[in-house]
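Values quoted throughout were computed directly from the atomic coordinates according to the rules given, and no laboratory measurement underlies them. Everything quoted here is computed from the prediction, not taken from an experiment. For neighbour counting, all protein chains shown are included, and Cβ atoms are generated from backbone atoms with ideal geometry for every residue, glycine included.
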Amino acid sequence: MNNKSPPKPFSPEDLKRRRKRAAVMAWCLVALIALFFVTTLVQLGKLGVSKM
């Protein structure tokens, strides 16, 4: 019989790297949403100005 405990799936370093990567992806998503929002506002502004 084998008395060794099963290996841990992720080391603390792996978890730290995963958290950092998740944070970077979240910030990229926020930046993309902000870009879409600003682009929409600019397009709506152009539409409003051209009708005046």
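With +1 on each Lys and Arg Cβ and -1 on each Asp and Glu Cβ, how big is the dipole of the chain about its Cα centre, in debye rounded to the nearest 20?
The dipole magnitude comes to about 160 debye.
What's the angle, to the nearest 10 degrees (0 to 90), between helix 12-50's Cα axis and the longest principal axis of the chain?
The two axes meet at around 10 degrees.
Which FRET efficiency, nearest 0.05, do L47 and M25 yield, Cβ-Cβ r, R0 30 Å?
Once rounded, the FRET efficiency stands at 0.35.
Hey, what D do you get for the chain in µm²/s if you plug the Kirkwood alpha-carbon radius into Stokes-Einstein at 10 °C and 1.306 mPa s?
The diffusion coefficient I find is 104 µm²/s.
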